[in-house]
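Novice: The structure under discussion is supplied below as structure tokens; questions concerning it will follow.
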Amino acid sequence: MIPNLNEHWNAAYNAEDEQLGWFETNPLQTMKLVNACHLKKDAAILNVGAGTTTLINTLIEKGFTNIIANDISDLALKKLKDRVKKSDNYNLTCILDDLTNSTKLNQLQNIDLWIDRAVLHFFLKEDEQKSYFNLIQKIVSKNGYVLIAVFSLDGAQKCCGLDLKRYNVEMLQNSLGSDFKLIKTFNHTFINPFGGERPYIYTLFQRQS
């Protein structure tokens, strides 16, 4: 784990959730794609770069029972776990790990749904991107799903003071490889808590082999 990134994100999550530029009260767009998977309630769902997302609460409300949250910020995971325990009485599994240099996530197996809203675009180096997609290929099960939502090519160039790499569907497909088939995609302009417009591309892929 890169200590300065851990410190950077801990500092960011020291703010109230509603003051974070990526905060969603209702993760409606992500849930559209989750619902399209028609998963069993005990399906293994991994939310990478979860931060303090409300998505976890929504998944629990929908009856899912096998949810894992990952982040590089221990503060974010503590806040998330505490909120989920308090609001839903659910003992959330949290994994503190770096997606680009995994020592824990790479031990997982048979993940039925990988969810990433707004993490991949922070990885600027080719080796970081390769590590990210290699991890997907290692732990997502056959017929499992990969849900990625990132800034589109006309999206923001920075977030939380960091430079971004922006994507389109073809770039994501090429990185995932031919084992993954595109199921659904759409564009969505997220309005952040400060009124700013943030164009995203949402994608859902399914592993074929």
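The values are calculated or read from the model by the stated rules, or taken from the named source; none is laboratory data. Computed from a predicted structure; not experimentally measured. All Cβ positions, glycine included, derive from the backbone under ideal geometry; neighbour counts span all protein chains shown.
Novice: For the list (1) loosely packed, with under 12 Cβ neighbours inside 10 Å; (2) more than 22 Å from PHE151 (Cα to Cα); (3) not charged (D, E, K, R), I need the number of the one condition that ILE60 fails.
Specialist: Failed condition: (1).
Novice: Of all residues in the range 67-89, count the ones that are assigned to a loop (DSSP other than H, G, I, E, B) and either in contact (Cβ under 8 Å) with a residue 40 or more places away in the chain or surrounded by 17 or more Cβ atoms within 10 Å (Cβ to Cβ) (or both).
Specialist: Our first condition is that a residue be assigned to a loop (DSSP other than H, G, I, E, B); within the range 67-89, this holds for 72-73, 89.
Narrowing further to those that are either in contact (Cβ under 8 Å) with a residue 40 or more places away in the chain or surrounded by 17 or more Cβ atoms within 10 Å (Cβ to Cβ) (or both): 72-73.
Matching residues across the range 67-89 total 2.
Novice: Considering each of PHE190, PHE133, PHE186, PHE123 in turn, give the residue that is touching a Lys or Arg at 6+ places or on another chain (Cβ under 6 Å) and closer than 24 Å to ILE45 by Cβ. Spell out the reasoning first.
Specialist: Details: PHE133 fails: touching a Lys or Arg at 6+ places or on another chain (Cβ under 6 Å); PHE186 fails: touching a Lys or Arg at 6+ places or on another chain (Cβ under 6 Å); PHE123 fails: touching a Lys or Arg at 6+ places or on another chain (Cβ under 6 Å).
From the options PHE190, PHE133, PHE186, PHE123, the qualifying one is PHE190.
Novice: Please verify whether LEU172 is under 17 Å from the mean Cα position of the chain (by Cα) and not in a loop (DSSP other than H, G, I, E, B), treating the condition exactly as stated.
Specialist: On the way: under 17 Å from the mean Cα position of the chain (by Cα): yes; not in a loop (DSSP other than H, G, I, E, B): yes.
So LEU172 passes the test.
Novice: Quick check on this structure: which one of VAL84, VAL48, VAL34 is β-branched (Val, Ile, Thr), at pLDDT 95 or above and more than 15 Å from the chain's Cα centre (by Cα)? It would help to see each step written out before you state the result.
Specialist: Values: VAL48 fails: more than 15 Å from the chain's Cα centre (by Cα); VAL34 fails: more than 15 Å from the chain's Cα centre (by Cα).
Just a single option satisfies the conditions, and that option is VAL84.
Novice: In addition: List the pairs whose first member sits in the range 1-28 and is outside any helix (DSSP H, G or I), whose second member is modelled with pLDDT under 70, and whose Cβ atoms are under 6 Å apart, counting only residues at least 6 apart or on separate chains?
Specialist: Hits for this filter: PHE23/ASP17; PHE23/PRO193.
Novice: To continue, here is another question. If you go through the range 151-161 one residue at a time, do you hit one that is aromatic (Phe, Trp, Tyr), in contact with a helix residue (DSSP H, G or I) (Cβ under 7 Å, 6 or more places away or on another chain), within 22 Å of LEU55 (Cβ to Cβ) and part of a strand (DSSP E or B)?
Specialist: Of the residues in the range 151-161, the ones aromatic (Phe, Trp, Tyr) are 151.
In the following step, the residues that additionally are in contact with a helix residue (DSSP H, G or I) (Cβ under 7 Å, 6 or more places away or on another chain) were identified as 151.
Imposing the further condition that a residue be within 22 Å of LEU55 (Cβ to Cβ) reduces the set to 151.
Right, trim to part of a strand (DSSP E or B) and you get 151.
Looking through the range 151-161, at least one residue is aromatic (Phe, Trp, Tyr), in contact with a helix residue (DSSP H, G or I) (Cβ under 7 Å, 6 or more places away or on another chain), within 22 Å of LEU55 (Cβ to Cβ) and part of a strand (DSSP E or B).
Novice: Now, a different point. Looking at the range 113-120, can you tell me whether even one residue there is among the aromatic types (Phe, Trp, Tyr), at pLDDT 95 or above, over 14 Å from the mean Cα position of the chain (by Cα) and not in a helix (DSSP H, G or I)? Don't jump to the end; show me each part of the working.
Specialist: Looking only at the range 113-120, we keep the residues that are among the aromatic types (Phe, Trp, Tyr), and these are 114.
Applying the additional criterion that residues be at pLDDT 95 or above yields 114.
Okay, now just the ones that are also over 14 Å from the mean Cα position of the chain (by Cα), so none.
For the range 113-120, residues among the aromatic types (Phe, Trp, Tyr), at pLDDT 95 or above, over 14 Å from the mean Cα position of the chain (by Cα) and not in a helix (DSSP H, G or I): absent.
Novice: Could you check how many residues of the range 38-52 are outside any strand (DSSP E or B) and touching a helix residue (DSSP H, G or I) at 6+ places or on another chain (Cβ under 7 Å)?
Specialist: To start, the set of residues in the range 38-52 that are outside any strand (DSSP E or B) comprises 38-44, 49-52.
With touching a helix residue (DSSP H, G or I) at 6+ places or on another chain (Cβ under 7 Å) added as a condition, the list becomes 50-52.
Matching residues across the range 38-52 total 3.
Novice: What is the number of the single condition among (1) under 21 Å from ASP71 (Cβ atoms); (2) surrounded by fewer than 15 Cβ atoms within 10 Å (Cβ to Cβ) that THR189 does not meet?
Specialist: (1)
Novice: Does LEU105 fit the bill of being in contact with a helix residue (DSSP H, G or I) (Cβ under 7 Å, 6 or more places away or on another chain) and modelled with pLDDT of 95 or more? If you could, list the steps in order and put the result at the bottom.
Specialist: Numbers: in contact with a helix residue (DSSP H, G or I) (Cβ under 7 Å, 6 or more places away or on another chain): yes; modelled with pLDDT of 95 or more: yes.
So LEU105 passes the test.
Novice: Write out, first by first residue and then by second, each pair whose Cβ atoms fall under 7 Å of each other, whose residues are 6+ apart or on separate chains, and whose first residue, in the range 105-134, is within 19 Å of GLY51 (Cα to Cα) and of a type outside the set (Gly, Ala, Ser) while the second is at pLDDT below 95 and surrounded by fewer than 16 Cβ atoms within 10 Å (Cβ to Cβ).
Specialist: PHE122/LEU162
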